[in-house]
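What follows is a short report on a single structure.
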């Protein structure tokens, strides 16, 4: 075989491999890109829905954004399963609705989950006094079926 024929065969083989790779690579990456389509702003949006639902004592919204296996650790260190958390936010337990700001968010991406850590600043009017306090909250987000949900939350007081 002459050198010219070898170059043509190698070129054909290279082109064939390149075409195959360009077709197969996107198909192989589809599951990965679907998992990473949930951005940090999407994660923060889910946390905002959760925080607002808690502030409003909105059980239906809390049910919608929390995973069926949800568990939380309260600022007092109590571990509450989803049912207990939902019971706490029953409409009849509703108190004054505070204003809540989410500050200083930090994001971490894991293969099957997202972690959001943020400072929550609560402001409310008590009589003629304005009160404000902050806690640090950690949220673990994971998928349930096709939807991202909050799997757990932990609240820590800030001195």
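The values are calculated or read from the model by the stated rules, or taken from the named source; none is laboratory data. Quick caveat, the model's predicted, so the values are computed rather than measured. With ideal geometry, Cβ positions are generated from the backbone for all residues, glycine too; neighbour counts draw on all protein chains shown.
Does residue 119 fit the bill of being at pLDDT 95 or above, touching a strand residue (DSSP E or B) at 6+ places or on another chain (Cβ under 7 Å) and either outside the structural domain of residue 70 (by TED's automatic domain parsing) or part of a strand (DSSP E or B) (or both)?
Here the answer is yes, as residue 119 does meet what is asked.
Could you check how many residues of the range 73-85 are under 19 Å from the mean Cα position of the chain (by Cα) and either within 16 Å of residue 52 (Cβ to Cβ) or in a helix (DSSP H, G or I) (or both)?
Residues flagged as under 19 Å from the mean Cα position of the chain (by Cα) and either within 16 Å of residue 52 (Cβ to Cβ) or in a helix (DSSP H, G or I) (or both) within the range 73-85 amount to 2.
Within the range 117-132, work out how many residues are touching a residue at least 24 places away in the same chain (Cβ under 8 Å) and within 14 Å of residue 155 (Cα to Cα).
Here the count works out to 4.
Which residues, counting only those in the range 134-153, are over 18 Å from residue 45 (Cα atoms) and touching a residue at least 12 places away in the same chain (Cβ under 8 Å)?
Passing the criteria: 134, 135.
Among the residues that make up the range 54-66, is at least one of them touching a strand residue (DSSP E or B) at 6+ places or on another chain (Cβ under 8 Å) and assigned to a strand (DSSP E or B)?
yes
Out of (1) touching a helix residue (DSSP H, G or I) at 6+ places or on another chain (Cβ under 8 Å); (2) more than 20 Å from residue 64 (Cβ to Cβ); (3) touching a residue at least 60 places away in the same chain (Cβ under 8 Å), the odd one out for residue 114 is which?
(2) is the only condition that residue 114 fails.
Conditions tested, residue by residue: (1) more than 28 Å from residue 147 (Cβ to Cβ); (2) at pLDDT 55 or above; (3) crowded, with 16+ Cβ neighbours inside 10 Å.
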site: 21; (1), (2), (3): yes, no, no
site: 25; (1), (2), (3): no, no, no
site: 41; (1), (2), (3): no, yes, no
site: 53; (1), (2), (3): no, yes, yes
site: 62; (1), (2), (3): no, yes, yes
site: 79; (1), (2), (3): no, yes, no
